[in-house]
Amino acid sequence: MAARSVEPPPTPWHFPPVDAADEDGLVAVGADLEPGTLLAAYRSGLFPMPVGRDGPMGWWSPDPRGVLPLDELRVSRSLRRSTRRYEVRVDTRFEAVMRACGDPRRNGGWITEPMVAAYVRMHELGWVHSVETWSDEDELVGGLYGIAIGGLFAGESMFSRSVDASKVALVDLVDRLRGAGYRLLDVQWATPHLRTLGVIEIPRPRYVVALEDAREMKVADAW
């Protein structure tokens, strides 16, 4: 936990164990999005996402789980060139990044207004961070966001409005996490796009062990 992260009141909810998930990875439905609830969920290996576009809030633990080993990010020559085309900033436009990730014109549309409000609050408490890619014209063209707990960074979503903009944010994120001593970068599901960048799948039991190790770590402030 970074020194400036504020521990909120504990949640009154009790989540089922992650191995209670159904075949889709859904563990529970309901609860709330208070900071204490979100932290309890991530610390136990869960993350929130609505069940369907307009459904109730679900709490998920996929098996297998997508993770990006911090020493195995694949950076092509063209991507390395792109890192010199953009400026990367951290935590300057968090809400704008999250809203861009949740643009309803994109597939899925799972980032609801209550989720935006909840993660903005978590950002204000020092737990959630954005890595932002900016053009020469000072335009926000890409980025990602996620939650940092101990040596865990749980990536939530990313967006791009320019060539390689989200990938450049990921390169910067991995550099930051490695430099600060993080151990686990969770990306939830290993999509074909993420696989090209080095994301792998690991079984849920292995993820839980890695999470238990990472979440209690003392790391430097990467932000």
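The values are calculated or read from the model by the stated rules, or taken from the named source; none is laboratory data. If you're wondering where the values come from, they're calculated on a predicted model, not measured in any experiment. Note that we place each Cβ from the backbone using ideal geometry, even for glycine, and neighbour counts take in every protein chain shown.
Which residue, of R84, R89, R99, R93, is modelled with pLDDT of 95 or more, within 21 Å of P48 (Cβ to Cβ) and of a type in the set (K, R)? Give the derivation first.
Numbers: R84 fails: within 21 Å of P48 (Cβ to Cβ); R89 fails: within 21 Å of P48 (Cβ to Cβ); R93 fails: within 21 Å of P48 (Cβ to Cβ).
Exactly one residue qualifies, and that residue is R99.
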(request) Note down all Cβ pairs under 8 Å where the first residue falls in region 60-84 and is under 30 Å from V29 (Cα atoms), the second is of a type in the set (S, T, Y) and in a loop (DSSP other than H, G, I, E, B), and they're at least six residues apart or on different chains. (result) G66/T191
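Is it fair to say V6 is modelled with pLDDT of 95 or more, in contact with a helix residue (DSSP H, G or I) (Cβ under 7 Å, 6 or more places away or on another chain) and either of a type in the set (S, T, N, Q) or not assigned by TED's automatic domain parsing to the domain that holds R161 (or both)?
Values: modelled with pLDDT of 95 or more: yes; in contact with a helix residue (DSSP H, G or I) (Cβ under 7 Å, 6 or more places away or on another chain): no; either of a type in the set (S, T, N, Q) or not assigned by TED's automatic domain parsing to the domain that holds R161 (or both): yes.
Answer is no for this residue.
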(message) As an exercise: evaluate R121 against (1) over 23 Å from W189 (Cα atoms); (2) of a type in the set (D, E, K, R); (3) without any contact (Cβ under 8 Å) to a residue 12 or more places away in the chain and give the number of the one condition it does not meet.
(response) (3)
